[in-house]
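Participant: Sharing a structure below in structure tokens format, with a few things to ask.
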Amino acid sequence: RERLLKAPFARTETGTFFQEQPRIGNQYLEDGLLQRYLKVHLPPKVSQDLERFGSRVMDEIDSLGRECELTPPRLQQYDAWGRRVDHIITCMAWKRMKEISAEEGLIAEAYERRYSSWSRVHQVAKLYLYAPSSGLFTCPLAMTDGAAKVIETLGSLGPLEEAFSHLTSRDPTKFWTSGQWMTERKGGSDVAGGTETVAREQSDGTYILHGFKWFTSATDSDMTLTLARIVDARGQVEQGSRGLSLFYMKVRDEEGKVNDGIEVQRLKEKLGTRQVPTAELLLDGAKAYRISAEGRGVASIASMLTITRIHNVVSAVASMRRVINMARAYATKRVAFGKPIKDHPLHTQTMARMEVQARGAFLLLMETARLLGLEETSMATEQDQDLLRLLTPVAKLYTGKQAIAVISEGLECFGGQGYMEDTGFAVVLRDAQVLTIWEGTTNILALDVLRSLTKSQGKVLAAFFSAAQKLELASRISDLESSVQLIQNALHRLGQFTQRAGSKGTVTMQLAARDFAYTLLILSTTWMMAVDKTCAHSLLRWCQQDLCPVDKEERAGCYDEAAASMDTSFVYEGSPILKGKL
Ligand code: UCC
Ligand code: FAD
């Protein structure tokens with residue numbers, strides 16, 4: 001007879017320890033800096049609204065956001081009987097996000113202006129709580145906000161009146177989202193060189209568009225703004241920026257069916273942002289309304305770019321904050337070498353370095369939103385407007401880079417679990433990578449900073465130096481004397497650089513553009529930290545970095561024309577280009 005020592009059908013034993021999971025709390029209540037900022041500037045009603053919304057994000061929205069990631073959109077091109085339908089199928093959670101966005105007034109808040117110039121800050125604070133749990137519904141919201149802004153700027157006449165009321169509605173049954181179709185196969189940065197889409201005027205004053213839009217995010221949207229070249233009576237189009245006009249187009253009919261004249265070629269297969277349906281679209285006779293003067297397309301869509309770039313900053317800052325908050329929760333639960341990892345000073349130092357980046361970026365975001373609010377309520381001084389023009393590209397380009405670095409470090413705070421798909425952290429890193437690409441790459445935004453300087457004939461830079469006087473506040477705090485000294489010194493070096501730069505050629509200026517933008521960002525963050533007196537520790541830490549990289553690089557000869565040709569030999573060593581084959 002056989003003697004059984006163990007039951008033949010027992011469960012496998014995998015041990016008794018299971019790590020307690022870090023959970024999302026009310027992100028408003030966990031954010032001391034946000035609370036302090038709002039309490040200073042906005043009535044208590046706003047704090048109450050955000051506390052309530054923080055609970056809603058925690059209890060309802062966060063799991064919907066996860067569902068959006070796990071149930072990505074798909075494209076059904078044909079029905080069972082072979083008819084072309086181009087149906088973009090999104091999950092219930094994504095649809096629910098649209099309703100929630102309307103209910104919470106995530107766009108409406110900015111246009112109702114209940115809190116006058118501070119309405120933008122209120123809206124941005126809400127988006128900041130929402131973004132990391134939104135399943136990237138913030139992407140269509142950014143473009144919706146941008147479209148509303150363009151319409152408000154141009155004047156909501158004719159069909160735009162209806163569009164504006166839908167875009168800014170709090171009624172989920174009426175709320176519309178918008179797309180922003182600027183990129184074609186030939187180029188997304190160089191829109192003027194890349195746009196091949198043509199527009200033919202019809203007898204009723206509308207246009208039909210023919211072209212191929214290479215990237216169109218949130219293609220489930222109700223409408224879009226897009227660029228095209230008008231064909232004149234001789235069948236000619238004007239090339240370059242001056243040939244581009246801006247058009248408004250309804251994307252689907254009342255039943256949600258894609259309009260005739262729009263064919264969805266395919267959905268993009270992306271590294272991240274998989275929650276968002278991003279498609280390639282063929283426009284083959286799509287009906288549209290011209291909404292800018294002829295040839296003023298780029299200039300007219302610029303106000304949309306300002307808004308979407310600020311939304312990009314919201315996403316960058318919010319995802320840094322979320323990863324840090326989750327890492328904070330984890331550090332109290334995870335034990336290593338006999339104690340919670342929060343009690344290992346090196347781990348806390350790592351988190352402090354992330355924290356200072358997130359705080360700096362947060363203050364910059366709020367300052368940009370404040371300036372935007374002033375501009376929209378006609379309360380901005382000329383200096384405020386110039387500063388807004390400067391800070392928008394600077395903040396977009398820098399916070400995108402910060403977010404990738406901080407989130408990457410943040411994942412490491414969870415050890416191997418940070419790398420696992422099902423913990424939900426991997427998606428945050430994947431999604432952050434796009435922040436430096438869409439709405440203008442880092443270099444394109446750095447060049448936009450130069451554009452703002454040239455176009456304003458230096459007024460924008462004067463506004464920057466004038467705002468730097470806020471540092472006075474910090475100089476009165478004795479602990480900060482040495483930091484203020486470092487900052488003043490860096491400002492002086494920057495001033496000297498800009499004087500020298502006036503006599504330099506285009507190549508030098510382009511080579512310096514990125515470091516110049518970084519310098520402006522690093523220095524403007526210092527006075528924002530100085531204004532918030534509770535940020536003394538942040539300021540001390542922030543000042544430990546090189547405060548004027550553009551000066552250092554220039555002294556090292558990095559912007560000389562000779563450096564450009566050396567870079568070419570260095571980068572393309574071994575490439576056919578240097579062997580004269582290309
Ligand atoms: O990526 C996209 C959507 C992604 C999904 C949404 C995500 C939102 C964030 C959500 C977070 C979750 S949509 C595609 C975005 N594409 C870009 O950003 C394009 C990048 N390229 C540029 O930014 C270029 O600099 C261009 C295309 C804007 C300009 O190129 P040009 O042809 O060289 O332009 P010009 O000739 O220099 O400028 C034409 C006019 C000028 O005005 P005028 O004619 O009055 O002198 C410029 O001053 O446009 C004006 N302008 C601006 N004005 C150009 N840029 C600006 C600006 N930033 N602000 C004000
Ligand atoms: P390119 O312009 O070819 O740039 C390639 C590289 O060259 C970049 O590193 C760039 O910085 C660099 N470069 C180019 N010119 C210069 C210069 N003068 N000096 C220095 N460096 C330079 N677009 C839309 O219109 N609507 C959308 O909804 C949309 N959704 C998107 C969604 C996703 C997920 C992604 C990834 C992109 C989306 N885009 C959308 C497109 C996006 O805006 C473009 O990809 C972006 O603007 C860059 O354009 P490009 O891809 O043509 O790159």
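Participant: Would you mind giving the three semi-axes, in whole Å and largest first, of the ellipsoid equivalent to the stretch 282-376 according to its Cα gyration tensor? Spell out each step's value before the answer.
Facilitator: On the way: eigenvalues 409, 58, 14 Å².
Largest first, the stretch 282-376 gives 45, 17, 8 Å.
Participant: Separate question: Taking each pair of different alpha-carbon atoms in the chain once, compute 1/r for the pair, average those values, and report the inverse of that mean as the Kirkwood hydrodynamic radius in Å to one decimal.
Facilitator: For the chain, inverting the mean 1/r across all distinct Cα pairs yields 25.7 Å.
Participant: Would you mind checking the pairs K342/K401; K186/K213; K396/K504; K39/K98 and listing those with alpha carbons more than 22 angstrom apart?
Facilitator: Values: K342/K401 26 Å; K186/K213 10 Å; K396/K504 26 Å; K39/K98 29 Å.
Beyond 22 Å: K342/K401; K396/K504; K39/K98.
Participant: E412 to T12: FRET efficiency via 1/(1 + (r/R0)^6), r the Cβ-Cβ distance, R0 22 Å, to the nearest 0.05?
Facilitator: Details: r = 31 Å, r/R0 = 1.39.
Calculated value: 0.10.
Participant: Name the residue from A403, P8, F362 whose Cα lies farthest towards the positive end of the charge dipole of the chain, charges +1 on Cβ of Lys and Arg and -1 on Cβ of Asp and Glu.
Facilitator: P8
Participant: Using a 1.4 Å probe on the protein heavy atoms, what percent of the accessible area of the chain belongs to carbon and sulfur? If you can, show how the numbers build up before the last one.
Facilitator: Values: 14190 of 27290 Å².
Taking all protein chains in place, the chain shows 52 percent carbon and sulfur surface.
Participant: In angstroms, what radius of gyration and Dmax does the stretch 172-299 have, counting Cα atoms only?
Facilitator: Considering the stretch 172-299 through its Cα atoms, Rg and Dmax are 14.3, 46 Å.
Participant: Would you please calculate the Kirkwood hydrodynamic radius of the stretch 507-574 over all C-alpha pairs and express it in Å, rounded to one decimal? Mind showing how you got there, number by number?
Facilitator: Numbers: mean 1/r = 0.0729 Å⁻¹.
Over the stretch 507-574, the inverse of the mean reciprocal pair distance is 13.7 Å.
Participant: Enumerate the aspartates and glutamates that K333 could reach by cross-link, defined here as Cα to Cα under 13 Å, with residues fewer than 8 away along the same chain left out.
Facilitator: E20, D343
Participant: Please give the FRET efficiency for A336 paired with D422, using the beta carbon to beta carbon distance and R0 = 30 Å, rounded to the nearest 0.05. Show your work: numbers first, answer last.
Facilitator: Working: r = 22 Å, r/R0 = 0.73.
It comes to 0.85.
Participant: For H537, tell me the accessible area in Å² from a 1.4 Å probe, rounded to the nearest 10.
Facilitator: It works out to around 120 Å².
Participant: Would you check the accessible area of D532, probe 1.4 Å, heavy atoms only, in square angstrom rounded to 10?
Facilitator: 30 Å²
Participant: Under a 1.4 angstrom probe, counting protein chains only, how are D422, D515, D551 ranked by accessible area, largest first?
Facilitator: On the way: D422 130, D515 35, D551 5 Å².
Result, largest first: D422, D515, D551.
Participant: Along the charge dipole of the stretch 462-579, pointing to its positive end and built from +1/-1 on Cβ of Lys, Arg, Asp and Glu, which listed residue (F497, S538, S569) has its Cα farthest out?
Facilitator: S538
Participant: Across the stretch 302-316, in residue order, what do the Karplus-derived ³J(HN,Hα) couplings come to in whole Hz, using 6.51 cos²θ - 1.76 cosθ + 1.60 with θ = phi - 60° and x for Gly and Pro?
Facilitator: These are the phi-based 3J(HN,Hα) values: 4, 5, 5, 4, 4, 5, 5, 5, 5, 4, 4, 5, 3, 4, 4 Hz.
Participant: Using helices alone, I'd like the mean residue ellipticity at 222 nm for the chain: each DSSP H run of four-plus residues gives -39500 (n - 2.57), total over residue count, nearest 500. If you can, show how the numbers build up before the last one.
Facilitator: Numbers: 21 runs with 297 residues, N = 582.
For the chain, the value works out to -16500 deg cm²/dmol.
Participant: Taking the Cα centre of the chain as origin and charging only Cβ (+1 Lys, Arg; -1 Asp, Glu), how large is the dipole, in debye to the nearest 20? Working shown, then result.
Facilitator: Working: 71 positive and 70 negative charges, 210 e Å.
Roughly 1000 debye, rounded to the nearest 20.
Participant: Using unit Cβ charges (K, R positive; D, E negative) and no other charged atoms, how large, in debye to the nearest 20, is the dipole of the stretch 462-579 about its Cα centre? It would help to have the intermediate numbers written out before the result.
Facilitator: Numbers: 11 positive and 13 negative charges, 42 e Å.
Roughly 200 debye, rounded to the nearest 20.
The values are calculated or read from the model by the stated rules, or taken from the named source; none is laboratory data. Keep in mind the model is a prediction, meaning the values are calculated, not measured. Note that each Cβ is placed from the backbone with ideal geometry, even for glycine, and that neighbours are counted across all protein chains shown. Accessible surface is based on the protein model in full, side chains and every heavy atom, while ligands, DNA and RNA are left aside. Shrake-Rupley method; radii C 1.70, N 1.55, O 1.52, S 1.80 Å.
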